[in-house]
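The values are calculated or read from the model by the stated rules, or taken from the named source; none is laboratory data. Bear in mind the structure is a predicted one, so any value in this text is a computation, not a measurement. Cβ placement follows ideal geometry from the backbone for every residue including glycine, while neighbour counts extend to all protein chains displayed.
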Amino acid sequence: MPFASLGLSPALVAAAGALGFRSPTPVQAEAIPAILRGTDLVAQAQTGSGKTAAFALPLLQQLQGTQPSRRPRALVLAPTRELAAQVGEVLQGLARHLPHAPRVAVVFGGVSINPQMMALRGGADVVVATPGRLLDLVEHNALSLSSVGLLVLDEADRLLDLGFAEELQRVLALLPGKRQNLLFSATFPPGVEQLAQGLLHEPVRVQVAESAANTPDITQRAIQVDAARRTQLLRHLVQEQQWSRVLVFVATQYAAEHVAEKLYKAGIYASPFHGGLSQGARKQVLQEFKDERWQVVVTTDLAARGIDIAQLPAVVNYDLPRSAVDHVHRIGRTGRAGESGVAISFITPEAEAHFRLIEKRQHQAVPREQIPGFEPTQSPPGTPAPGTGGIKGKRPSKKDKLRAAAAAQQPPSS
Ligand code: AMP
């Protein structure tokens, strides 16, 4: 199916072609016509499935039909600076090929606000922003959001959750009540769904059914290892698997520094990437990773969402993520745009129960493996020593006992 059949103008079809997009991905095929009709929309589609262009193309087309104005008519919010920059690049890359190219301003924190204020002075048709800096700019009178007719929340569930709730409410209060709202993410946990409903007016729901053709080709592996031997195992895998690049997720900024340093000292080009670095350093590390100048980047969940690194063959969960939702986003950094990838999780005895929970939420069972020379020496906590009787999981927990007591009080069902 060609892009033209979705209702996009010849100029936008050509702009998509200039970025190498010849035919729409499933989420683009479904979302673009609905957005062009002007309806609110919630789109849930797998990581790496082309969600950015799914809103960027119709957004630009809608701007083409409106009167020029100094005030932005479309606003795209993203939860991280890197993602805002990436979305801005796609919009700018498309806009460049259009007649009367719409002006795309990208604003985020961690860098001086003055150049952003200067850039906005000339006017912008679209603003791509992280919420905090956007509010700062409004407070500095560098920007008015009173003409925004189209709002996009990229990684919408993250923007709607607690961490951003207050800032998002403040942004929403600055927007006209009558506007089109578009929500995109690979995940919409149930609690967030309800919040989203409050924002939307009769939304169209796009949920690209998983099929072999559009499910990211990510092979998951779960390797059992003692916590203290993870860095050595990582080093062994990097050397043995000869990945051109690998993104490693850890739990803290300190761990990112520590693991990267250990690998670097062992002769592997490894760099940390986390929110404790200056924005200049963050930008440089990500760009150098994309340019294949770093083989390993060790990061926190800062890099879990949205970041698009072409040909990233492997992701490693050195520490497991807190939630199954984070797991979906982390492993989705590989296997993007039809490529294949491997996602390896290190399962320490302490983390076994948590990984089982992640597997359950994802309706997946990942076989456990052990690598010769790195077999765990400890048993999961709570496992009785051989011969002491009792099997973990068979003894009723406090919760099980409460449930049993409650069930005993229920009248038998008819
Ligand atoms: P996204 O999910 O928006 O981050 O996109 C994932 C990757 O797919 C990016 O590298 C895009 O450049 C690429 N992509 C998006 N749409 C298309 C398309 N229609 N054809 C080919 N590649 C695409």
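Which of (1) buried (at least 21 other Cβ atoms within 10 Å of the Cβ); (2) part of a strand (DSSP E or B) does LEU234 not meet, given it meets every other one?
Status for LEU234: all satisfied but (2).
Show the residue pairs meeting these rules: Cβ distance below 8 Å; 6+ apart or different chains; first residue within the range 215-235 and farther than 15 Å from PRO313 by Cα; second residue of a type in the set (Gly, Ala, Ser).
That search, which allows pairs on different chains as well, returns ALA222/SER345; ILE223/SER345; ARG235/ALA266.
Quick check, is ALA54 surrounded by fewer than 23 Cβ atoms within 10 Å (Cβ to Cβ) and touching a strand residue (DSSP E or B) at 6+ places or on another chain (Cβ under 8 Å)?
Judged against the criteria, ALA54 is not a match.
Return the only residue of ALA45, ALA14 being more than 16 Å from VAL148 (Cβ to Cβ), within 15 Å of the ligand (Cβ to nearest atom), among the small types (Gly, Ala, Ser) and in contact with a Lys or Arg (Cβ under 9 Å, 6 or more places away or on another chain).
That would be ALA45, the only listed residue that is more than 16 Å from VAL148 (Cβ to Cβ), within 15 Å of the ligand (Cβ to nearest atom), among the small types (Gly, Ala, Ser) and in contact with a Lys or Arg (Cβ under 9 Å, 6 or more places away or on another chain).
Is there a residue being part of a helix (DSSP H, G or I), away from the ligand (no atom under 15 Å from the Cβ), modelled with pLDDT under 95 and not assigned by TED's automatic domain parsing to the domain that holds ASP326 anywhere in the range 63-71?
Yes, the conditions are met somewhere in the range 63-71.
Please determine whether any residue of the range 131-140 is surrounded by 22 or more Cβ atoms within 10 Å (Cβ to Cβ), more than 16 Å from the ligand (Cβ to nearest atom) and part of a loop (DSSP other than H, G, I, E, B).
no
If only one of ALA78, ALA101, ALA129 is closer than 24 Å to ILE35 by Cβ, of a type in the set (A, V, I, L, M, F, W, C) and modelled with pLDDT under 95, which one is it?
None of the other options fit; the residue is ALA101.
Tell me which of these ALA119 doesn't satisfy, since it passes every other one: (1) under 20 Å from the mean Cα position of the chain (by Cα); (2) part of a helix (DSSP H, G or I).
Looking at each condition in turn, ALA119 falls short on (1).
Scan the range 127-141 and report the pairs whose first residue is in the same structural domain as PHE108 (by TED's automatic domain parsing) and whose second residue is among the polar types (S, T, N, Q) and at pLDDT 95 or above, with Cβ atoms within less than 8 Å and a gap of 6+ or a chain change.
Final answer for the pair search is THR130/THR80; ARG133/GLN116; LEU137/GLN116; VAL138/SER144.
Check whether at least one residue in the range 292-309 is under 21 Å from GLN239 (Cα atoms), among the hydroxyl-bearing types (Ser, Thr, Tyr) and assigned to a loop (DSSP other than H, G, I, E, B), and report yes or no.
No: the range 292-309 contains no residue that is under 21 Å from GLN239 (Cα atoms), among the hydroxyl-bearing types (Ser, Thr, Tyr) and assigned to a loop (DSSP other than H, G, I, E, B).
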